[in-house]
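A short write-up of the structure that comes next.
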Amino acid sequence: MRRICYAYRRKYLNSQTNERKAAMAYVITDDCIQCGACEAECPEGAISEVDGLYVIDASKCQDCGACADVCPTGAAQPA
Ligand code: SF4
Ligand code: SF4
């Protein structure tokens, strides 16, 4: 039987079926001060600066929360 980390299961798997949940993209709100910390932290390369504003590519975001963990203003949030 395959063993799965409890935290991984809760975050990424449907509790009833154990199938992988669809990832919910994070977003960057108007509280962003353009520090750039989240871009360097994102393991998926989903965050980039566009015309002076940081944005998250929803098609790349895997909902890991790393951007929110480093954001000094709380601007990076679950959608
Ligand atoms: S939640 Fe994770 S994958 Fe999505 S943008 Fe933030 S750091 Fe990148
Ligand atoms: S870490 Fe927060 S404040 Fe800094 S660029 Fe990212 S969203 Fe903006």
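Some points to look at:
- Net lengthening on full extension, C35/A68 (0.36 nm per residue, minus Cα-Cα): 10.6 nm
- Viscosity 0.692 mPa s, 37 °C: Kirkwood-radius Stokes-Einstein D of the stretch 22-78 over Cα pairs, µm²/s: 302
- Ligands, DNA and RNA are left out, and with a 1.4 angstrom probe the accessible area of the stretch 22-78 is 58 Å² per residue.
- Each residue was assigned an accessible area with a 1.4 Å probe, and for V55 the value is about 60 Å².
- Multiplying the residue separation of D57 and A25 by 0.36 nm and subtracting their alpha-carbon distance yields 10.7 nm.
- Taking amide H atoms as placed 1.01 Å from N in the peptide plane, the amide H of V27 lies under 5 Å from those of Q77, A79, each 5 or more residues away in sequence or on another chain.
The values are calculated or read from the model by the stated rules, or taken from the named source; none is laboratory data. Everything quoted here is computed from the prediction, not taken from an experiment. Quick note on the areas: whole protein, heavy atoms, side chains included, nothing else; ligands and nucleic acids left out. Shrake-Rupley method; radii C 1.70, N 1.55, O 1.52, S 1.80 Å.
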